[in-house]
Structure formats: C-alpha cells, structure tokens
1. Can you tell me which residue within region 636-651, out of those that are surrounded by 24 or more Cβ atoms within 10 Å (Cβ to Cβ) and over 12 Å from residue 620 (Cα atoms), is farthest from the chain's Cα centre (by Cα)?
2. Report those strands (runs of 3 or more DSSP E) wholly inside region 630-686 carrying at least 1 residues which are farther than 18 Å from residue 70 by Cα.
3. Kindly indicate the residue of region 262-273 that is at pLDDT 90 or above and under 23 Å from residue 327 (Cβ atoms) and also farthest from the chain's Cα centre (by Cα) among those meeting that condition.
4. Can you tell me which residues in region 154-183 are part of a strand (DSSP E or B), more than 21 Å from residue 215 (Cα to Cα) and without any contact (Cβ under 8 Å) to a residue 60 or more places away in the chain?
5. Scan region 369-424 for residues that are in contact (Cβ under 8 Å) with a residue 24 or more places away in the chain and outside any strand (DSSP E or B) and report the count.
6. Restricting to region 94-119, name every residue that is over 30 Å from residue 665 (Cβ atoms) and surrounded by fewer than 17 Cβ atoms within 10 Å (Cβ to Cβ).
7. Please work out which residue is modelled with the lowest pLDDT, limiting yourself to region 140-166 and to residues that are in contact with a strand residue (DSSP E or B) (Cβ under 8 Å, 6 or more places away or on another chain) and over 19 Å from residue 217 (Cα atoms).
C-alpha cells in the first residue's frame, strides 16, 4: 500500500483489511488512528466497530510498530482484532492479507484490556527509564535507557515534537525544571570516562577496580540545545547510582553522589558546595527539593546487625536541610534491609502524589513482567482508601508521573509509554499469567504440563484449547519426561571418563548452548566455531560440524528423528558497498551423521529500514517439517525445516523464552514470564 491519500470512501478503505495493513505498515498505527479520527467522526463512538478499531490501534500500538515485514504485521493485527468479534466481522478481505501458512494464536491475550488506557506512545527501541511532564502539562519528555534518546511529545495529538539523541550514552533519568526552561538528563557516556582499569581475565568484575562516572546534562527547552554538563563523583559498582532534583527556583540541581549531596548551579562557575557525608551514611538513595526550599535525602545507614547474624545491617533514614547551608536534621523510617544485603528487590517500583496532594499512585511489580497501578484517596479518612486498580502489562514498568492537571498518569517501562485516566474502573481479566517453564506435552497431545517455578513450585496442567484455566497437580510432572538430573549425571559421567567434549572449557564456558536428542542418547554443545557431539550410549565424541563464521552460538535443537540439528547464531555482517555492519541472526540445519550443512537462512537488519525489528531467538523448537523460535521482543516465528524459508511471524504481548511443538507438530506452546500462549499451524499442507 502506498503512502498516498486514501480514497474518498474512507469507510470502505478502513474496512478492507488488506488496505488497512498496508497503511499501518507504511505510516504506523498511531498515524492511521489519528487519520480515522479526523476523517470519520463516527469513530468517536467507542462501542462501534470503527471506534473499537481506532482504540485498538492506539492501545496496542507497540505490537504494531517496526514489523519485520508486511505479513508479520498482518498476522499481529489479526490477533489484535480477533478478540473483538464485532470488529473482525466488520472487516473485509482478511484472508487476502494473511500468509498461506501461519501461526494462529489460541486463548485469551494476556495483556489486560482497560478503557482507562488513553494511548500508547511508541518510538523508543529500549526500556523507558523516566517520564517527566512540563510544568504547563502540554509536553511529556520520555527517556530511553539504551537507545540514548529523549523524546518530547506534545499533548495536541501526542505527536513526537522533538528528539534528542545523546551519542554513546546509557540514560537513567530525566526531569523538567519547575519553570519549564530546562530539562536535565542523568546517564553515562564516554564523555566522562570511568576511573581505573578492567582486568583482562575478570569475567564478573570482582578482580577489577573500576569506579563508574555518570553525568548530568542540561538542555534549553526552547532550542533543545545542551547548555551545561557535569560528571558525578566516581562510585564502585556495588554503590547506589546517582540521583538528582531541581531546586524550586530552577537555578540549582542537587545531585546525590555516593555518601554526599552536591549543589550544582549549572549557570554559574566555580566549585559546587557539597553537603555531607552524614554520620553512619552508606549511600544516597533519593534526593528531592521541597517547595518551601528545604532539601531532603533518603539514605542507607548502617545499624548493628541482629544477634546471630554476620555482616552489616542497613535501614533507611531521611536527612533534611531546612536551608541547604544549615545543619541537617535526620530521623530513621524503620525500613530495614536484611543483614549483609542492601539491594533487596521490592515490590514497589514508584510512588507519585497528584499535584493537589489528594491522591497517591503506587506502581508495583507483581511478578516478572507484570505490574499494577494502585490509586489511593487521602482526603477524608485517617487511612488512605484504595479507589482504583489498573493491571499493567505484561511489561516491567518503573517510571511514573502525574500530569500537572492531575487528569493523566504516565507510566514507562520495557514496552514504551502508556497514558492512563486515574479513575475507578475494571480491567478485563487476562489469561494464564503464571511465570512458567518446562512445557511437557501429554503423549496424545491433548494436555500440556508446565512448571511454575515461582511461589509454590507446582506443576499445572491445561487443555491447549483453553490455556486460561490451568489445574494444579502437585510438585511432580504428570506426564513422562526425561529426568533432567539423570541427564546431567550421564553427561557428567561421560566427561569424567574422558569420552566427551567438556563445555566448561569451551569458548562460552558455562553459557555454551547445548541440546539432548529425543531418545536421550546424543548430546550436542558448542565451542569456538564448532559443534561437538557426544554419544552417551556408546561413549564416543566427535566434532560434528564446523562453521567458517565467527558468530555467537545461541540455541541448539535436534529434530524428532534426531538426524538433523538446528543451530541459531548471533553475529554481524558487513553491508555491501560500505564499511557499516548490521546485526544478523543465522539459522542453520546440519546433518547429524556427517556434519554437512543442509540449509541456512540469514535474518539481517536492513540499513535502509532502520525502523524494522530484528528480534533475537531465545527459544527453539523443531518438528518433523517445521522450525519455530520465540524472541526477546515477543516474536513467534515459523520456518520450513527443509529450506528454512520463513513461513509466518506474529508478535506476542511480551518476551517469550521457550517453545515446544506438540507430538504431531500441529500446535506450538510458547511461554515466558507472562504465562502461556498456544499457536496452531494452519494452512497449506499442515
């Protein structure tokens, strides 16, 4: 579909699924949703198919941006609208846009459907670590951790107004000044290098003596040009990272550095005064400037360890300077950490008060990937009362901010930025949301058992036709499977007898990918450029295959007949006609008996299409005729095993970590921290 104007019959255009896919592929979901609103006023009615479609384009936008190709977008968009039967029935030409062989997802989408979600802002290609509103509430700044960009969104249509790229940086935080003239950004870059040297043989960082240096940059919000920069005090890797806060007059930034607070007047020259260190202080956790001019800092402070415990114990304390140049006042809050362990994982990720102080928003982590936003009313009762709860996810979310008018809440995390109305309401229940692993199919393929490794350490069984209703069956798997402990013992015994290749001395050490054949007799692992094969039954080992490429081995899997081995490698390739290099994923099918390469497929980034998503496989499954893999960004892909030709791709709500085919190869179970999704292979010679 071209990027030209749609035909005059706008409703006819939007109802044609094939045309809709083409326009979303060319322009992006948000632009198409805005075009619908501008050209078709009836889309303002949320209950109509058109209104629901526009809402889906806005609220599921993160699944529809940067697709690998048009067919992936078609499959993903189909799965998005499939949960709205009225929309799916209203659309026409659906089959025309879908590939002839594809993966069709089954069961509920685990992402909650909540009408309080106003919009999803896409653009960042990395986790969003901070969100901050301009004082007038007209603009929102979002900070990408690893794409090293700050994006400015205007409330009028939520268009991206400006983008600041900070070359070679990894960012941590961003804050608008109270007067709106400045934006400060905290992060790391080579501009202010770390102090010390890395020991060449130090894998874990324990032998090296590196002190890490961060930086604070200030940008003029009228021109978006950088006006000032300062390094932070060096810190050892176990120390808390730096934090900062604007003074009420927007002239000074208080920077929490290790065990002190520095006052930086970024428009003035000279040495910045430093407050602290305070007695017993270990490190500064947070710093904030109150509207009355007082400065507060939260710190870790050492306390005597309880009787019978070794090492140090810590608790939070709050230090207040009524005037920054006066003596501090301090008191403890009574929240203690376990002795010797300062960096506890807490459920609460962020807390924010509404501008008028009457409501409090608490962002919590429920389990890996899932979060919820709890809203409390503090106006009338002695104790705050919960008046709303919003399920967020599945994504790890850590950034939270109220709009100055109190009518919107912005959250940021792994999957971008979401805007919410802070009001009472209900989230549509999501599906099977346990954090699970180890899928085991029943021999007849009618049930699947999964292991919930968090909580009660139980196995659950579900019908693949309805994965939303698992049944707990105890601590033992109900279906036959190879005992992983017995498998490890057999491999270890073979190594001890000198019959096998030792992966612990291989190129990747403990992280070398490996695979065991379906009958449990063959073991494959990698080292350097080679794949090594150990026959556990006959006690023989050999170099099965060797690759001419230097690329990181990532996944291995045997075919059901164990005559073929599939490998996944991550690497880079030189762009023809230039010195630029692009990331690539290499899929290869090897013949087990000879080590011969039977087929190879390259999944490479295209320099001309920088917006395209090149996912990296994290799980691999092989049936008699197909190959499937799942990726870090939620990709679920299907390939022909003989040729490795791509057949179908779709995007799940969040990262998938493992996949497994049913015994007959017709169904695929994908799982991760979000729970379970089932996909059926449909079309052609299925």
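The values are calculated or read from the model by the stated rules, or taken from the named source; none is laboratory data. Being a predicted model, the structure only gives us computed values, none of them experimental. Cβ: placed from backbone, ideal geometry, glycine included. Neighbour counts: every protein chain shown.
1. For region 636-651, the residue satisfying everything is 648.
2. 635-640, 658-661, 667-672, 675-682
3. 265
4. Filtering region 154-183 down to residues part of a strand (DSSP E or B) leaves 154, 159-165, 169-176, 182-183.
Those left that are additionally more than 21 Å from residue 215 (Cα to Cα): 154, 159-162.
154, 159, 160, 161, listed by residue number.
5. Total meeting the criteria: 17.
6. We begin by selecting, within region 94-119, every residue over 30 Å from residue 665 (Cβ atoms); these are 112-119.
Listed by number, the list holds a single entry, 115.
7. Result: 159.
Conditions tested, residue by residue: (1) at pLDDT 80 or above; (2) buried (at least 19 other Cβ atoms within 10 Å of the Cβ); (3) in contact with a strand residue (DSSP E or B) (Cβ under 8 Å, 6 or more places away or on another chain); (4) part of a loop (DSSP other than H, G, I, E, B).
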| position | (1), (2), (3), (4) |
| --- | --- |
| 494 | no, yes, yes, no |
| 498 | no, no, no, yes |
| 501 | no, yes, yes, yes |
| 520 | yes, no, no, yes |
| 526 | yes, yes, yes, no |
| 532 | yes, yes, yes, no |
